[in-house]
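Enquirer: What follows is a structure written as structure tokens; I'll ask about it next.
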Amino acid sequence: MPILEHPAYPPATLLCLESLVPCRESQVSMLLSIFGERQQLSFPSIFIYGHTSSGKTYVMKTLLNTLQLPHVFVNCVECFTSRLLLEEILIQLQNGSSETKQASPVPCDTFNDFVRLFKQALVSQNLQDQTVYVVLDRAEQLREMEANVLPAFLRLQELTDRNVTVILLSEIVWEMFRPNTGCFEPFILYFPDYSIGHLQKILSQNHPPEYSADFYSAYINILLGVFYMVCRDLKELQHLAALNFSKYCEPVVRREAKERDTRKLWKNIEPHLKKAMQTVYLREISSSQWERLQCEEEPGQIKGLSAHAHVELPYYSKFLLIAAYLASYNPVRTDKRFFLKHHGKIKKTNFMKKHEKTSNHLLGPKPFPLDRLLAILYSIVDNRVAPTANIFSQITSLVTLQLLSVVGNNDQLDGPRYKCTVSLDFIRAIARTVNFDIIKYLYDFL
């Protein structure tokens, strides 16, 4: 039984629309109710929000294209100034019925000019008698533009005296948009995150024709079991599903297992999914490179892929990062043991306290002051390093790269405090590039 029903559109069109937007039928049904028929006056502005990859952009494009409603779709990140945004709307509106884009954009410096040119474009395209939809994707960028742009778009129907609806798509809530001076309140619609059942249903629709739907559905179930806790982005999960499916099928292709041998298939794919989980969202290598590495590897061996192990840093930045790691994971009282010459023999048990019996790596990195970082740096670098602006700028660069993090406020009188955020494997890879044995300087490995 069809879920979407509307007297203004043929049932076959609504059935096609329903198949294109799985698990978003309630939101589409609400939008159809708000839109009404083509000639009916629609709501002046609609605000749609939800997390990344919750289907906002896809649903709006699919809805407007399937029902063939006149619309303009603009990404506010691409049109980052008000002039670019207004001109792009006019260009799309004027070229809505033609495939070739206008060579020279219409100059539009103010919103008054935009209102005038917008009304002219509606007349030239013969759109006076039906609703025109202006969709602004990534609408949070409007807050960075002139103060009058957002309130004007919300009242565009009133300003133009035409049947136009402005739809704002955003990842943040409306309360972060509302100007202090007040504005017209739009109709607010929320797109919730896809549940694991929704993701299972959507991803299972893309099964290859040479395999059964049950076989691909079992693969998606395994994939979600591994990745759902760390990644709920539909696009990323679609990428991972396409990337690892060939590896999942290998035992079936080699006739070592049947499609129903879920246990054998899981044992074969498990190490590769765990390796792929380390690079979720990073796109460290292309899909073709990943597949080539999977083909070239020896049985039972997985090649390391993490680009972090090969990160390129300046020479002294590597030593700064090593010094920061030592400062984060070594107790302060051990600095004399590791970095001071002629310190004498100091046994570990002589200065071990109750709270230091637990591994510092299990407790996590501790903050340290800038003075301690530089003192350790001078001790581990062979050549004398002057505290120049270059060294301080490299510390800032490490913070920007999120290899270090600043702890506390910037207005502290005793100077900034930092914390090293990299893993042990990462810092060992960095230390090897400068021939530094970091394990000898870590208190946990004494």
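Enquirer: When you check PHE43 against the structure, is it aromatic (Phe, Trp, Tyr), in the same structural domain as LEU169 (by the TED database), closer than 23 Å to VAL134 by Cβ and touching a strand residue (DSSP E or B) at 6+ places or on another chain (Cβ under 7 Å), yes or no?
Expert: Taking the combined requirement at face value, the residue satisfies it.
Enquirer: Okay, next question. Could you figure out which of (1) in contact with a Phe, Trp or Tyr (Cβ under 8 Å, 6 or more places away or on another chain); (2) surrounded by 15 or more Cβ atoms within 10 Å (Cβ to Cβ); (3) within 27 Å of SER26 (Cα to Cα) isn't true of TYR190?
Expert: (2)
Enquirer: Do we have any residue at all in region 150-166 that's buried (at least 16 other Cβ atoms within 10 Å of the Cβ), at pLDDT 90 or above and under 20 Å from the mean Cα position of the chain (by Cα)?
Expert: There is no residue in region 150-166 that is buried (at least 16 other Cβ atoms within 10 Å of the Cβ), at pLDDT 90 or above and under 20 Å from the mean Cα position of the chain (by Cα).
Enquirer: Are there helices (runs of 4 or more DSSP H) fully within region 1-100 with at least 3 residues that are over 24 Å from LEU154 (Cβ atoms) and open to solvent by less than 60 Å² (accessible area, probe 1.4 Å)? List them.
Expert: 11-20
Enquirer: Hey, another quick one. Return the residues of region 138-162 that are assigned to a loop (DSSP other than H, G, I, E, B) and touching a helix residue (DSSP H, G or I) at 6+ places or on another chain (Cβ under 7 Å); say none if nothing qualifies.
Expert: MET145, GLU146, ASN148, ARG162 - these are the residues of region 138-162 that are assigned to a loop (DSSP other than H, G, I, E, B) and touching a helix residue (DSSP H, G or I) at 6+ places or on another chain (Cβ under 7 Å).
Enquirer: Quick check on this structure: which one of ASP113, ASP137 is open to solvent by 10 Å² or more (accessible area, probe 1.4 Å) and either under 18 Å from SER45 (Cα atoms) or outside the structural domain of CYS79 (by the TED database) (or both)?
Expert: Answer to the check: ASP137.
Enquirer: Which of the following residues is free of Cβ contacts under 8 Å to residues at least 60 places away in the same chain, of a type outside the set (D, E, K, R) and touching a His at 6+ places or on another chain (Cβ under 6 Å): ALA213, ALA218?
Expert: When all the criteria are applied, what remains is ALA213.
Enquirer: Can you tell me how many residues in region 116-134 are small (Gly, Ala, Ser) and surrounded by fewer than 13 Cβ atoms within 10 Å (Cβ to Cβ)?
Expert: Looking only at that region, the number is 1.
Enquirer: Now for a separate question. Would you be able to say whether some residue in region 223-233 is open to solvent by 10 Å² or more (accessible area, probe 1.4 Å), assigned to a loop (DSSP other than H, G, I, E, B), acidic (Asp, Glu) and in the same structural domain as GLN92 (by the TED database)?
Expert: Looking through region 223-233, none of the residues is open to solvent by 10 Å² or more (accessible area, probe 1.4 Å), assigned to a loop (DSSP other than H, G, I, E, B), acidic (Asp, Glu) and in the same structural domain as GLN92 (by the TED database).
Enquirer: Residues that are at pLDDT 85 or above, at least 2 per element: which helices (runs of 4 or more DSSP H) completely within region 351-420 meet that?
Expert: 370-380, 389-400
Enquirer: Among the residues of region 134-147, are any within 29 Å of GLN39 (Cβ to Cβ) and of a type in the set (Lys, Arg)?
Expert: Scanning region 134-147 turns up no residue that is within 29 Å of GLN39 (Cβ to Cβ) and of a type in the set (Lys, Arg).
Enquirer: Restricting attention to region 176-210, report how many residues are assigned to a loop (DSSP other than H, G, I, E, B), without any contact (Cβ under 8 Å) to a residue 60 or more places away in the chain and closer than 18 Å to LEU154 by Cα.
Expert: 7
The values are calculated or read from the model by the stated rules, or taken from the named source; none is laboratory data. All values derive from a computational prediction rather than experimental measurement. So basically every Cβ, Gly included, is an ideal-geometry build from the backbone, and we count neighbours across all protein chains shown. What goes into the accessible areas is simple: the full protein's heavy atoms, side chains included, and nothing from ligands, DNA or RNA. Shrake-Rupley method; radii C 1.70, N 1.55, O 1.52, S 1.80 Å.
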